[in-house]
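Below is one structure, written out as structure tokens, with a few remarks after it.
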Amino acid sequence: MYIKTLSSRLQQLSAYLLPAQCLLCRLPSQGSLLCMYCQKSLLKQRPHCLHCALPLIHDEAYCSQCMHNVDAFTQIYALDDYIKPYPALIKNFKYKKQLLNGQLLAQLLSLSIQQNIPADQISQVDYLIPVPLHCKRLRQRGFNQAQLLADVLAKNLSIPILNQAVQRIKNTCAQEGLNKQKRKKNLKGAFTLQKEQQASLKDAYVVIIDDVVSSGATVNSLCTILLQGGARRVDIWAICRTSRQPKQIISP
Ligand SMILES: [Zn+2]
Ligand SMILES: [Zn+2]
């Protein structure tokens with residue numbers, strides 16, 4: 001009797017806490033963040049490069065850049081290009097603290113990963129590492145968006161998070177408007193490895209979690225540090241991948 005009352009109270013509470021409408025189209029969503037229609041359309045895969053996840057016009061395997069570039073990471077996987085509705089969802093999440101948007105994006109990313117990355121590859125991942133924020137930026141924003149995304153992914157995909165493995169010791173300025181070389185210079189010495197965590201990294205397959213990957217300079221810099229620290233493979237999972245330099249999004 002007591003359990004029954006408790007469970008009906010919890011149901012009432014979740015109906016109150018969870019939106020009854022789809023966050024995007026406002027149609028009834030039966031307690032989910034998205035209606036079935038929006039979820040299905042957002043999980044539709046567009047052609048993208050299998051190495052760097054840049055959107056492709058034709059259904060090739062790799063983009064022209066990846067034919068020549070040598071990256072530190074093995075693979076980037078992104079939910080989509082930086083196109084509608086993602087810019088608004090991400091900006092509201094990061095800059096207006098609409099954390100429900102973050103939950104929604106992380107849920108979509110984990111569903112997309114489960115649909116498109118082989119289960120035996122996912123099960124080999126040892127740790128997720130959210131891109132760390134500099135302590136000053138963390139104080140300003142009040143939360144690390146990559147950490148929130150990683151928390152949901154860790155739960156849904158049963159992969160532990162390796163926190164404190166790397167620290168951001170340089171409060172890098174926005175990368176917008178900088179050329180490739182200046183971006184690299186801007187990030188030089190931005191991250192440092194915590195010696196206490198180095199044993200966990202040895203021979204590990206780690207995945208960096210980020211919200212938007214644009215030039216790839218940040219994740220490449222972080223990836224190099226992790227490989228130097230002993231990781232055997234580093235991938236990146238992100239909400240969006242774009243070659244454009246969208247204002248604001250570039251700032252970590
Ligand atoms: Zn909808
Ligand atoms: Zn590529």
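What follows is calculated from the coordinates using simple rules that are stated; it is not laboratory data. Remember, it's a predicted structure, so these values are computed and weren't measured experimentally. Because the Cβ atoms are built from the backbone with ideal geometry, glycine has one as well, and the counts that use them run over all protein chains shown.
Remark: LEU149, LEU23, LEU193 ranked as LEU193, LEU23, LEU149, counting other beta-carbon atoms within 10 Å and listing the fewest first. For HIS68 and GLN121, a Förster radius of 22 Å and the Cβ-Cβ distance give a FRET efficiency of 0.30, rounded to the nearest 0.05.
Taking amide H positions as modeled 1.01 Å from N, with prolines and chain starts lacking one, the residues under 5 Å from GLN21 and 5 or more places away or on another chain are SER29. Taken about its Cα centre, region 47-241 carries a charge dipole of about 1200 debye when Lys and Arg each add +1 at the Cβ and Asp and Glu each add -1 at the Cβ.
When Lys and Arg each count +1 and Asp and Glu each count -1, what net charge do the other residues less than 12 Å away from VAL207, Cβ to Cβ, add up to? With Lys, Arg at +1 and Asp, Glu at -1, the neighbours total -2. Applying the criteria of a DSSP loop state and at most 16 other Cβ atoms within 10 Å to the chymotrypsin sites (Phe, Trp or Tyr not before Pro) of region 39-99 yields TYR62.
Pairs over the 28 Å Cα-Cα cut-off, from the set LYS40/LYS182; LYS97/LYS202; LYS84/LYS188; LYS44/LYS91: LYS40/LYS182; LYS97/LYS202; LYS84/LYS188. Between ARG232 and ILE83, the C-beta separation translates, for a Förster distance of 45 Å, into a calculated FRET efficiency of about 0.85. Each of ASP120, ASP80, ASP235 was scored by other Cβ atoms within 10 Å of its Cβ. Listed from fewest to most, they are ASP120, ASP235, ASP80. Loop-located trypsin sites (Lys or Arg not before Pro) in region 36-107 (DSSP state other than H, G, I, E, B) with a sparse environment of at most 15 neighbouring Cβ atoms within 10 Å: LYS44, LYS96, LYS97. By the Cα gyration tensor, region 47-241 has an equivalent ellipsoid whose semi-axes, rounded to whole angstrom, run 22, 20, 19 from largest to smallest. Between region 45-86 and region 117-162, the alpha-carbon centres lie 21 Å apart. Between the listed residues ASN92, ASN171, THR74, the Cα displaced farthest toward the positive end of the dipole of region 47-241, a dipole computed from Cβ unit charges relative to the Cα centre, is found at ASN171. Altogether, the Stokes-Einstein calculation at 20 °C and 1.002 mPa s, with the Kirkwood radius of region 28-110 over Cα pairs as Rh, returns a diffusion coefficient of 147 µm²/s. Distance between the modelled labels on CYS25 and GLN45, one decimal in nanometres: 2.3 nm (7 Å Cα→Cβ projection).
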